[in-house]
Structure formats: structure tokens, C-alpha cells
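What follows is a set of notes on a single structure, which appears directly below.
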Protein chains: 2
Amino acid sequence: MTNQIIFVTGNPHKVAEAVAICAPRGITIVQNDCGYPELQDDDVARVAAYGAEHVVNRLDCAVIVEDTGLYIDALNGFPGPYAAYVYDTIGNAGILTLMRDTGGNDERRATFRSIIGYCKPGMTAITFEGTVTGRIAYEERGAGGFGYDPIFEIDGVAFASMGDDAKNKVSHRAKSFEKFAEWFIRHGKA
Amino acid sequence: MTNQIIFVTGNPHKVAEAVAICAPRGITIVQNDCGYPELQDDDVARVAAYGAEHVVNRLDCAVIVEDTGLYIDALNGFPGPYAAYVYDTIGNAGILTLMRDTGGNDERRATFRSIIGYCKPGMTAITFEGTVTGRIAYEERGAGGFGYDPIFEIDGVAFASMGDDAKNKVSHRAKSFEKFAEWFIRHGKA
């Protein structure tokens, strides 16, 4: 019992990635789709912390939430913390349209930022961050992953093209869950 | 004293529009720039209600907040409730780029939605809505207004081209403040 944690999310892809990182470390991820209020805030860390604290008040047990931002240099950080909403409306096609006039690789730099907010009853949330910097591709590629994975590439290979195992070695979300898992094994079980 | 209301916003243009509607009705708008948490929520009414209730807990007096969304049909409702963030990052130029392949006027339909959240100590927030439907222009026009006003047009005239008085006769924000003022005069003074 003590090595399990409730992950509040409606996204099955995120659950799969969390399990891939946490299961080998002896941590059981239990999905809960109860939802939580997400702040409009440029800082995804505050969004995750606020969400985790809200859920704890409702469920009265230790939980994690995860929030992802995508920051594209040439677009002044857009879509930033609103990555999910922007994906649901204008999608990858919209991002590529906005990048149509953006030239070489340096100008196409983008950073994924994943923040896990952990909270348990009676404490304030703590957060674990993972980031990865790559480039926005010129077209969609690959059939794996989800969300922006077809247009986010590292060394010319899109997240959606590299397979789950390879993505989980370098992705923002893998890094944040590695940090969380390491901490949870030492301090989190209670 | 009883005919004044605190308007929590950092946007001086919104204050000016609120004053233009409320002052002739005997209501004094007092700006407060203390900020409040904005939810990520597709429904700006929930954003405004949540914000108003938060501010009341902090200031312990009756307040209003105002939240605006811009919903463009051809972009599946984008930028929606994140109009402010999207304006600050990709701006009107970004919206026009996204609309580059969108054709005739019917496809360019867009709706501005303004919601005022009113709250006073010991009550839940109530909201007042104003909407206006127009079209996204093919280019920026006019030097008035703020935000998306240069690319939002009604009958071919951009908000930024029509002058403050004309805009205040038809705008979403004028309508929400008219509804609020009418209610406040009858029920809000206390």
C-alpha cells in the first residue's frame, strides 16, 4: 500500500509514461480522473502546485498531478502553459502555420516543461520539474506519442518517431517522473 | 459611498470602458490592481466567478472582475478564454497568420464574450454577460481601442477604427457593464 500514489489526470498517455518510469522503481501509479481547477498562470509550477493542493483537500490522501508547457522561442513562448487548449483548438497544423515564416533551426527552438505537483494532507505542495529543449519540425512526422510529439524533434527525430522507450529516455515527463520517483522512494512513503 | 464598486483589473483600457458605461448611471468605478488567480477553464463565466470570490476573501468588500474571451469559428474557438495570453505572445499578427487560408466572411466569424463577476462578502459570485459577433478582418486597421480591436470588425469596420463612443454602443464589454450597472443600481448598493 505504501508504495502507491494517486495520479490525477484524464490523459491515458501521461499515465502510461508515468508507469514506464515508476513501475521499475517499485512505485504503483493509480489513475484518478476526478479533475481539478487549473490556474491561468505563466508558470506551470504554480498550476501544478495549486492543482495538487486542491485535490488533496477533496480526496484527503497523497496525490500527484502533472502539467506540461511548451515554450516556442520564435512565438514568444506560445503556447506556454496553455499547450493542451491550443492543441485542442488549432493543433499541430496551427503551430506549423504560425512557424511558416520562421527560418533556420536556431529560430525554431522550443522547450517542453513538465511539472509534477505532489501533495498530501496537511502540507503544501512540492514540485518536480523536467525539461527538454528541441526544435519545432517543418512538418508532422511519426505515429507514436501524443499531442505535439509529431512536431517536436531532437537531433532531427520527432518524439512521435522515436518509439516509447527512446522518448522515455529523454523526455521532459520522464525526467520529472524520475525526480519524483527518487524522492518518493526516500521520503514519500507514509 | 454606496454607489461605488471596486473593479479589480490591471488593464486601464477596461477601466476606461467601465467608467464610460457606469459613470452616466451614477456608479463610481474604483480600480484595484491586486490581481487574482485565473482558472484555465473554457467557460469565462467560471473564471470570472472564481476570481471575484477569491478577491472578496482577500479584500472583504464588494468587488467586480471582468474576463474576456474571443472565439473564432474557423479556429475551433481559439483563442477562447486565453485571449489575453495569446495576444501577449503571438498577437494580432499570429491570429491573421492562422486565418491566412480562411476564406470568405462567413468562415471568419468570431464572437467576443465579456463576463463580469460580482461578489460581496458572504455570498457566491453572480455574473453578467455581454457578447458581440463580428468577423476577423484580413489586416489590422485603426488606432483606437486595444488588444484585438484592430482585427475584429462589425459590418466592415474594425473596433479600433470606430472610436470609443461607437465601440461602447455595440461592444461585448459595454453590454456586460450595462447589465451589471442596471442590476447594481437596483440591488447592489449596500
Checking residue B:131 against (1) touching a Lys or Arg at 6+ places or on another chain (Cβ under 6 Å); (2) surrounded by fewer than 23 Cβ atoms within 10 Å (Cβ to Cβ); (3) within 14 Å of another protein chain (Cβ to nearest Cβ), the condition it does not meet: (3)
Test: residue in region A:22-34 that is within 11 Å of chain B (Cβ to nearest Cβ) and not β-branched (Val, Ile, Thr): no
Residues that are in contact with a Phe, Trp or Tyr (Cβ under 9 Å, 6 or more places away or on another chain) and acidic (Asp, Glu), drawn from region A:22-52: A:38, A:41, A:42
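Might you let me know whether region B:147-165 holds any residue that is of a type in the set (Gly, Ala, Ser), closer than 30 Å to residue B:50 by Cα and assigned to a strand (DSSP E or B)? Spell out the reasoning first.
Step one: list which residues in region B:147-165 are of a type in the set (Gly, Ala, Ser), which gives B:147, B:156, B:158, B:160-161, B:163.
Filter again for closer than 30 Å to residue B:50 by Cα, leaving B:147.
Remaining after also requiring assigned to a strand (DSSP E or B): none.
Within region B:147-165, none of the residues are of a type in the set (Gly, Ala, Ser), closer than 30 Å to residue B:50 by Cα and assigned to a strand (DSSP E or B).
Quickly run through region B:96-124 and pick out the residues that are in a loop (DSSP other than H, G, I, E, B) and more than 13 Å from chain A (Cβ to nearest Cβ).
Start the filter on region B:96-124 by keeping residues that are in a loop (DSSP other than H, G, I, E, B), which leaves B:99-104, B:120-124.
Result: B:103, B:104, B:120, B:121, B:122, B:123, B:124.
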Which listed residue, of B:47, B:63, is of a type in the set (A, V, I, L, M) and under 19 Å from residue B:87 (Cα atoms): B:47
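Given the condition farther than 30 Å from residue A:59 by Cβ, touching a residue at least 40 places away in the same chain (Cβ under 8 Å) and polar (S, T, N, Q), answer yes or no: does some residue in region A:101-114 qualify? Walk me through how you get there before you give the answer.
As a first pass, look at region A:101-114 and keep what is farther than 30 Å from residue A:59 by Cβ: A:101-111.
Filter again for touching a residue at least 40 places away in the same chain (Cβ under 8 Å), leaving A:110-111.
After this cut, where a residue has to be polar (S, T, N, Q) as well, the list is A:111.
There is at least one residue in region A:101-114 that is farther than 30 Å from residue A:59 by Cβ, touching a residue at least 40 places away in the same chain (Cβ under 8 Å) and polar (S, T, N, Q).
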Those residues of region A:58-80 which are out of contact with any strand residue (DSSP E or B) (no Cβ under 8 Å at 6 or more places or on another chain), at the interface with another protein chain (Cβ under 9 Å from one of its Cβ atoms) and part of a loop (DSSP other than H, G, I, E, B), in sequence order: A:76
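Please state which one of A:64, A:72 is modelled with pLDDT of 95 or more and either in contact with a His (Cβ under 9 Å, 6 or more places away or on another chain) or closer than 14 Å to residue A:116 by Cα (or both).
Values: A:72 fails: either in contact with a His (Cβ under 9 Å, 6 or more places away or on another chain) or closer than 14 Å to residue A:116 by Cα (or both).
So the residue among A:64, A:72 that is modelled with pLDDT of 95 or more and either in contact with a His (Cβ under 9 Å, 6 or more places away or on another chain) or closer than 14 Å to residue A:116 by Cα (or both) is A:64.
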Some residue of region B:110-122 being within 24 Å of residue B:175 (Cβ to Cβ), over 16 Å from the mean Cα position of the chain (by Cα) and surrounded by 16 or more Cβ atoms within 10 Å (Cβ to Cβ): yes
Residue count, region B:81-95 (criterion: more than 7 Å from chain A (Cβ to nearest Cβ), buried (at least 23 other Cβ atoms within 10 Å of the Cβ) and either in a loop (DSSP other than H, G, I, E, B) or not β-branched (Val, Ile, Thr) (or both)): 1
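Collect the residues in region B:47-57 that are among the small types (Gly, Ala, Ser) and more than 11 Å from chain A (Cβ to nearest Cβ), keeping them in residue-number order. Spell out the reasoning first.
Narrowing region B:47-57 to residues among the small types (Gly, Ala, Ser): B:48-49, B:51-52.
Correct list: B:48, B:49, B:52.
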All positions within region B:147-165 that are surrounded by fewer than 21 Cβ atoms within 10 Å (Cβ to Cβ) and modelled with pLDDT of 95 or more: B:154, B:157, B:161
Cβ-Cβ under 7 Å pairs, at least 6 apart or on other chains, region B:1-29 side in contact (Cβ under 8 Å) with a residue 40 or more places away in the chain and closer than 19 Å to residue B:160 by Cβ, far side in a loop (DSSP other than H, G, I, E, B) and among the hydrophobic types (A, V, I, L, M, F, W, C): B:13/B:146
Region B:1-51, residues that are within 30 Å of residue A:88 (Cα to Cα), in contact with a helix residue (DSSP H, G or I) (Cβ under 9 Å, 6 or more places away or on another chain) and basic (Lys, Arg): B:14
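If you take the residues in region B:35-46 that are touching a residue at least 40 places away in the same chain (Cβ under 8 Å) and surrounded by fewer than 22 Cβ atoms within 10 Å (Cβ to Cβ), which one is farthest from the other protein chains (Cβ to nearest Cβ)?
Restricting to residues being touching a residue at least 40 places away in the same chain (Cβ under 8 Å) and surrounded by fewer than 22 Cβ atoms within 10 Å (Cβ to Cβ), the top hit is B:45.
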Every residue from region B:16-30 that is surrounded by fewer than 18 Cβ atoms within 10 Å (Cβ to Cβ) and assigned to a helix (DSSP H, G or I): B:16, B:19, B:20, B:23, B:24, B:25
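The values are calculated or read from the model by the stated rules, or taken from the named source; none is laboratory data. The structure presented is a predicted model; accordingly, all values stated were derived computationally and were not measured. Methodologically, a virtual Cβ is constructed for each residue, glycine included, from the backbone with ideal geometry; neighbour enumeration extends over all protein chains shown.
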